Every structure is written in C-alpha cells, then in structure tokens.
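I have placed the structure first, in the form of structure tokens, so that the comments after it can refer back to it.
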Amino acid sequence: MEKLKRWTKEKSMIFIDTADDETPDWARIGKSTVYDLVLNANTVTEDFIEDEMPRDEVDYYKPEMSQELATYEGDKAFDYVWNMFYELPVGTELNKKILFVFPKNIGLEAETKFQAWNTECAVILSNFNSVDKKVTFTLKINQIERGTATVTEGKPSFTKAE
C-alpha cells in the first residue's frame with residue numbers, strides 16, 4: 001500500500017519582497033491565519049449546434065489571495081505592509097514581488113526543492129482593525145513565473161523553471 005503524505009500549513013509559504021532595488025529581500029508573511037489562493041477562472045460557455053448541451057471552457061485565470069497580518073511591530077512583513085498602509089500608495093506603486101512556495105517537494109527529502117510561483121502582485125490594501133489587531137489586504141496576481149524554491153533558515157531562493 002502506498003504511503004500518503006499529508007501537507008501541513010507551515011509548508012505553505014508566502015514572501016513579500018521588501019527591497020528597494022532589483023535584489024529581493026524576502027520577508028515571510030507568516031503572522032496570518034488566512035491562506036486561500038483563489039484562481040478565479042474566467043469561463044466561456046459555447047453552445048455548438050453539434051452538441052446536445054452547452055460546454056464551458058476556461059480562457060484564463062486571475063488568481064488572488066485575501067491576506068491579513070497580525071500587528072506585530074518588528075515583524076518585517078508587517079512593518080513593510082504597515083508602511084504601505086500608512087503611505088496609501090496608488091497605481092504601479094502597489095505592484096510588489098510576491099513569492100508563493102507550495103508544499104510540493106520535488107527534491108530529495110534531505111534537500112527539499114519546492115514548487116513555487118515568483119509573481120508580481122498588486123497589493124490592494126483593505127483594513128486596519130485595532131480590535132482584531134490585523135491589517136488586511138488582497139494580493140492580486142498580475143504575472144506568474146513558475147519554478148522551484150529552496151528555503152534555508154527562513155530565506156527563500158527561487159529558480160526559474162526551464
């Protein structure tokens with residue numbers, strides 16, 4: 001019988017690039033209780049004469065993720081997002097590099113290499129709730145570069161797929 005391996009939540013990692021230049025400085029979005037990556041498939045219904053009933057096809061996806069960060073000052077990701085919240089950037093200033101590291105290990109058990117998306121996202125700021133102690137925002141994915149990532153001592157390294 002094949003042994004099943006269950007994924008655990010801490011293996012699903014999201015990083016935001018906090019650098020001001022081209023060299024990424026990744027901060028993990030970890031102080032969150034939300035991880036729900038929605039694909040938002042755009043379906044088109046075709047009703048061809050030769051078919052008994054209409055058929056649906058997907059012509060593109062527009063992935064997004066609603067996200068939150070607990071208000072832990074000193075957490076690199078929170079401090080970065082809070083500064084955005086405070087400054088209220090608009091337009092292309094909202095486009096940030098976001099790295100999604102998925103639990104799917106395609107490397108060895110001793111040398112993990114996870115499937116990953118290196119993305120450009122519009123970070124759409126939503127709310128600051130001082131009672132719940134959270135800042136909420138949505139990551140609207142504009143571009144996806146597929147590849148793999150290794151994470152060593154909390155720092156990711158992305159390699160583009162061939």
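Where in segment 46-134 are there chymotrypsin sites (Phe, Trp or Tyr not before Pro) that are in a DSSP coil and have at most 14 other Cβ atoms within 10 angstrom of their Cβ?
In loop regions of segment 46-134 (DSSP not H, G, I, E or B), the sparsely surrounded chymotrypsin sites (Phe, Trp or Tyr not before Pro) are Phe48, Tyr72.
With each run of n ≥ 4 DSSP H residues scored as -39500 (n - 2.57), what mean residue ellipticity at 222 nm is computed for the chain after dividing by its residue count and rounding to the nearest 500 deg cm²/dmol?
It comes out at -2500 deg cm²/dmol, rounded to the nearest 500.
From the residues Thr92, Thr152, Ala41, which one has its Cα farthest along the dipole of the chain in the positive direction, the dipole being from +1 and -1 charges on Cβ of Lys/Arg and Asp/Glu about the Cα centre?
Thr152
With r defined as the distance between the Cβ atoms of Glu22 and Ile49 and R0 fixed at 30 Å, what FRET efficiency is calculated, to the nearest 0.05?
Rounded to the nearest 0.05, the efficiency is 0.05.
When a footprinting reagent is the concern and you count Cβ atoms within 10 Å, what order do Asp47, Asp75 take, fewest first?
Neighbour counts put them in this order, fewest first: Asp47, Asp75.
Would you give the gap between the C-alpha center of segment 26-52 and the C-alpha center of segment 111-162, rounded to a whole Å?
17
Taking Rh as the Kirkwood radius computed over C-alpha pairs, what is the Stokes-Einstein D of segment 1-160 at 20 °C in a medium of viscosity 1.002 mPa s, expressed in µm² per second?
Translational D for this selection: 122 µm²/s.
Roughly how many nanometres apart are two label points built 7 Å out from the Cα toward the Cβ at Thr138 and Asp56?
Label at Thr138, label at Asp56, 2.0 nm between them.
So how do Ile29, Ile14, Ile124 line up by other beta-carbon neighbours within 10 Å, fewest first?
Listed from fewest to most nearby Cβ atoms, that is Ile124, Ile14, Ile29.
Roughly what angle does helix 76-87 make with the longest principal axis of the chain, taking Cα atoms, 0 to 90 degrees, to the nearest 10?
Helix 76-87 and the main axis of the chain meet at about 90 degrees.
Only the coordinates and a few stated rules stand behind these numbers; no lab work does. Just so you know, these numbers come straight off a predicted model, no measurement behind them. Every residue, glycine among them, receives a Cβ derived from its backbone with ideal geometry; neighbour counts consider all protein chains shown.
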